[in-house]
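Participant: Okay, here's the structure, questions in a sec.
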Amino acid sequence: MALFILAVIIFIIADITIRYIAKRIQATKAQQEREEVLKESLKLDFTREAKTLKRAEIEEPKARILCVDDETVILDSFRKILVLDGYSVDTVENGKEALGLIQTHSYDFVFTDLKMPEMDGMSLTRQIQQICPQTSVIIITAHGSLESAIEALRIGAYDYILKPFDFDDVLYKIRRWIKQKELVLENKALRHEVEQKYSFSNIVGQSPQMKKIFELIKKVANTKGNVLITGSSGTGKELVARAIHYNSDRKNKPFVAINCGAIVGNLMESEFFGHKKGSFTGAVRDKDGHFKMAVLIPDGAGE
């Protein structure tokens with residue numbers, strides 16, 4: 001028995017070691033490929049797309065990024081740091097060339113200097129917002145131009161960084177954006193799943209009575225009036241309520257189903273209208289009521 005346990009432990013340790021070595025080999029190979037891409041991009045003098053364009057493109061990048069600055073040292077630094085961290089990077093030295101690339105290519109991110117000849121970062125940000133609003137812009141600015149950077153945020157820029165900047169901060173902003181984008185996409189997917197779940201096709205029934213209910217749901221879904229749904233327990237009142245909600249223009253707002261029969265009588269007011277800290281024993285913080293937070297279906301209100 002002891003030998004068997006020892007053999008199992010040795011097998012587990014060996015498996016973990018092999019996996020770790022394989023992962024390190026894969027990471028080293030990816031790093032070498034990125035370094036080769038970086039070397040090739042530094043050899044480029046120009047392309048047909050833009051006179052000052054230098055491109056460093058890797059396989060399966062985390063994001064595609066365009067950097068715009070009239071200082072080649074800054075662009076070279078951006079390209080090196082971002083490529084080695086797993087991003088495909090295009091760099092150009094003026095706003096007009098950047099605008100041409102944005103019209104023909106898809107970028108997740110644009111880093112642009114605020115002060116540039118021909119077209120400044122503010123004008124470029126405005127153009128990007130019109131052409132591809134899904135592309136996020138980060139303004140590069142000096143301390144003396146901070147007010148202009150804040151103005152850029154007002155017209156749609158995602159963020160700004162101050163010169164001289166730390167590339168750790170640059171990478172943090174990109175990773176934060178990627179995380180936010182993932183959450184937004186996940187939220188959209190979940191909302192779509194919920195909408196599909198509570199669409200009319202998921203309410204079973206082909207009888208004339210059910211068809212009348214479907215028509216009534218369609219009518220009331222587009223109104224702002226209160227709706228009373230009655231019926232015996234288990235007949236699908238909440239399902240109908242959700243169908244009304246997710247087929248209305250309020251579908252992006254919260255929907256909360258409340259079992260009124262489970263709420264103690266003296267807490268009813270607090271649950272629906274909220275309370276202030278210290279208003280009664282156990283009220284340790286302010287709380288918003290359900291009426292303020294969401295669209296409600298008070299199930300079992302007659303109990």
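Read-outs throughout are calculated quantities, based only on the coordinates presented, and are distinct from any laboratory measurement. Keep in mind the model is a prediction, meaning the values are calculated, not measured. With ideal geometry, Cβ positions are generated from the backbone for all residues, glycine too; neighbour counts draw on all protein chains shown.
Participant: So who's got an amide H within less than 5 Å of the one on Lys115, skipping anything under 5 residues away but keeping other chains? H placed 1.01 Å off N, in plane.
Facilitator: Amide H neighbours of Lys115: Gly121.
Participant: Same structure, new question: Quote the FRET efficiency, to the nearest 0.05, computed for Asp70 versus Ile178 with a Förster distance R0 of 25 Å and r equal to the Cβ-Cβ distance.
Facilitator: 0.35
Participant: Spelling out what I want: for every residue of segment 229-246, take phi, set θ = phi - 60°, compute 6.51 cos²θ - 1.76 cosθ + 1.60 (Karplus), and round to whole Hz; glycine and proline get x.
Facilitator: Coupling constants for segment 229-246: 10, 10, x, 5, 4, x, 8, x, 5, 5, 4, 5, 4, 5, 4, 4, 5, 7 Hz.
Participant: Going highest first, how would you order 107-117, 158-168 by mean Cβ packing within 10 Å?
Facilitator: Descending mean neighbour count gives 107-117, 158-168.
Participant: Further, regarding this structure: For segment 80-186, treating each Cα as an identical point scatterer without solvent, what Debye log10 I(q)/I(0) comes out at q = 0.09, 0.16 1/Å?
Facilitator: Per q value, in the given order, log10 I(q)/I(0) is -0.21, -0.71.
Participant: Further question: What pairs from Lys188/Lys253; Lys218/Lys251; Lys188/Lys212; Lys253/Lys287 go past 24 Å between their alpha carbons?
Facilitator: Lys188/Lys212
Participant: Quick one: if you stick a label point 7 Å off each Cα along the C-beta vector at Lys276 and Lys188, how many nm between them?
Facilitator: 4.3
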